[in-house]
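Bear in mind these aren't lab numbers, they're just calculated from the coordinates by the rules spelled out. Everything numeric in this text was worked out from a predicted model, so none of it was measured. Positions of Cβ are backbone-derived with ideal geometry, glycine not excepted, and every protein chain shown enters the neighbour counts.
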Amino acid sequence: MIPWGIKLSRLELDVTKPEQIARICAEKKPSAILCLSSLDLRKSEQNPLEAYKVNVLGVYHAAQEAQKRNIPCIIISSGAVFNGESEQEFTEESTPNPQNIYGQTKYIAELMVRSICPKHLIIRTGWLYGFRENPSFIDKMIQMAREGKEIKATYDQKGSPIYLSDFMQALEELIRTDASGTYHLVNAGGTSAVELMHEVLSLTKSTSLLHEVTMQELNSQGPARSASEVLSSTRYPMRHWRDALRSYLASQR
Ligand SMILES: NC(=O)c1ccc[n+]([C@@H]2O[C@H](COP(=O)([O-])OP(=O)(O)OC[C@H]3O[C@@H](n4cnc5c(N)ncnc54)[C@H](OP(=O)(O)O)[C@@H]3O)[C@@H](O)[C@H]2O)c1
């Protein structure tokens, strides 16, 4: 296990303020900077300027500090940097082409970290679930299935589910082994939210009614998105999403 050190809230450290990053690093002397701050897809679309400040400028300041200290800078990016048809999958070698503000900011952040900080780790990941606090959209749908509530899920976009416990194990291993460069950390095999929820309903024997909708029907104001944000990895292949989901649901019993 890696001693994870200090996790700071936005009140304790605002990444858009380089002097705060410098002061805290001088005090704590970290062995790496893991930058988790971000505005998500929805917030980025609503407030592009703030998205650029946090997702791009914040990462720039973190990378500058890491470079000065000769320590690794680690960032978490997303399948939203890619664009493609629904059957397409993207490896670490695929060329990004982001379709929305969130994806653009994440891609620019990747480019900056690569150019500023020789010791860098760029992790692209997908639909994380398995949170105890701050449930993700998958966590919320699983909870609704357990409660027998009606669920709406999209069938016209594919992504890569990733169980938080698998993600953390992989990230720890990469950090422990001083890995560098770009890695896709996702459970193998792309899926739609509908297909994922069919599996959840079957495994939990839920009686929930599942409504199959399009992204447009679910959120007509939502940003443009690639039909596929499915990631696959040539560098760190992980178990299939169905196996990971089964483990997660079994651990919940
Ligand atoms: N969750 C996923 O499925 C997923 C998938 C792909 C990539 N990622 C990436 O993984 C990282 C972590 O994701 P997450 O889901 O944990 O994000 P999240 O739940 O949206 O949390 C983002 C955090 O950033 C903080 N923040 C915002 N502005 C800040 C600032 N100026 N200075 C310091 N902190 C600031 C927020 O604080 P407040 O709450 O106080 O605003 C919040 O704690 C992000 O880089 C995200 O893009 C996540």
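For this structure, a couple of remarks:
- When you count the other C-beta atoms within 10 angstrom of each residue and take the mean per peptide, 176-188, 135-147 line up highest first as 176-188, 135-147.
- Each Cα pair under 8 Å and six or more residues apart adds its sequence gap; the mean of these over the residue count of the chain is a relative contact order of 22 percent.
- Around the amide H of Gln157, modelled in the peptide plane, lie the amide H atoms of Ala193, all under 5 Å away and 5 or more residues distant in sequence or on another chain.
- Alpha-carbon centroids, segment 134-202 and segment 105-119: separation in whole Å: 25
- Tilt relative to the chain, helix 193-204 - C-alpha long axis, 0 to 90 degrees, to 10: 70
- Antiparallel %, DSSP beta bridges [both residues in segment 18-252], to 5: 10
- Prolate/oblate/rounded call for the chain, Cα gyration tensor, a/c under 1.5 rounded: prolate
- GNM flexibility winner over the chain from Glu133, Glu110, Glu217 (Cα, springs under 10 Å): Glu133
- Pairwise label distance in nanometres, Gln169 with Asp40, each label 7 Å out on the Cα-Cβ vector: 2.6
- Near the amide H of Thr182, within less than 5 Å, lie the amide hydrogens of Ile122, all on another chain or at least 5 residues away, with H placed in the peptide plane.
- Long-range HN-HN contacts of His211 with modeled amide H, under 5 Å: Ile151, Lys152, Ala153
- Choice from Ala153, Ala62, Ala26 with maximal GNM fluctuation in the chain (Cα, 10 Å cutoff): Ala26
- In this Cβ point-charge picture (+1 for Lys and Arg, -1 for Asp and Glu), segment 1-134 has a dipole of about 680 debye about its Cα centre.
- Loop GluC sites (Glu not before Pro), segment 1-103 (other Cβ atoms within 10 Å of the site Cβ: 15 or fewer; DSSP): Glu12, Glu85, Glu87, Glu93
- Karplus-based coupling profile of segment 126-140, in residue order and whole Hz: x, 8, 6, 8, x, 7, 7, 10, 6, x, 7, 5, 6, 4, 5, with θ = phi - 60° in 6.51 cos²θ - 1.76 cosθ + 1.60 and x standing for Gly or Pro.
- The alpha carbon centroids of segment 18-90 and segment 225-253 are separated by 23 Å.
- Beyond 21 Å in Cα-Cα separation lie the following of the pairs Lys7/Lys28; Lys152/Lys205; Lys29/Lys119; Lys140/Lys205; Lys43/Lys119; Lys29/Lys106: Lys43/Lys119; Lys29/Lys106.
- 3J(HN,Hα) along segment 51-65, derived from phi through the Karplus expression 6.51 cos²θ - 1.76 cosθ + 1.60 where θ = phi - 60°, amounts to 4, 5, 5, 7, 6, 9, 4, x, 5, 4, 5, 4, 5, 4, 5 Hz, with x in place of Gly and Pro.
- Within the chain, helix-based [θ] at 222 nm, where runs of 4 or more DSSP H residues each add -39,500 (n - 2.57), nearest 500: -11500 deg cm²/dmol
- In order along segment 143-155, the phi-based Karplus estimate (6.51 cos²θ - 1.76 cosθ + 1.60, θ = phi - 60°) of 3J(HN,Hα) comes to 4, 5, 4, 5, 8, x, 7, 5, 10, 9, 9, 8, 10 Hz; Gly and Pro are listed as x.
- Placing dummy labels 7 Å off each Cα toward the beta-carbon, the span from Glu92 to Lys68 is 3.0 nm.
- Simple point charges give the picture: +1 on the Cβ of Lys and Arg, -1 on the Cβ of Asp and Glu, and for segment 18-252 a dipole about the Cα centre of about 700 debye.
- Residue (of Ser206, Phe82, Ala51) at the positive-pole extreme of the chain, dipole from beta-carbon charges: Ala51
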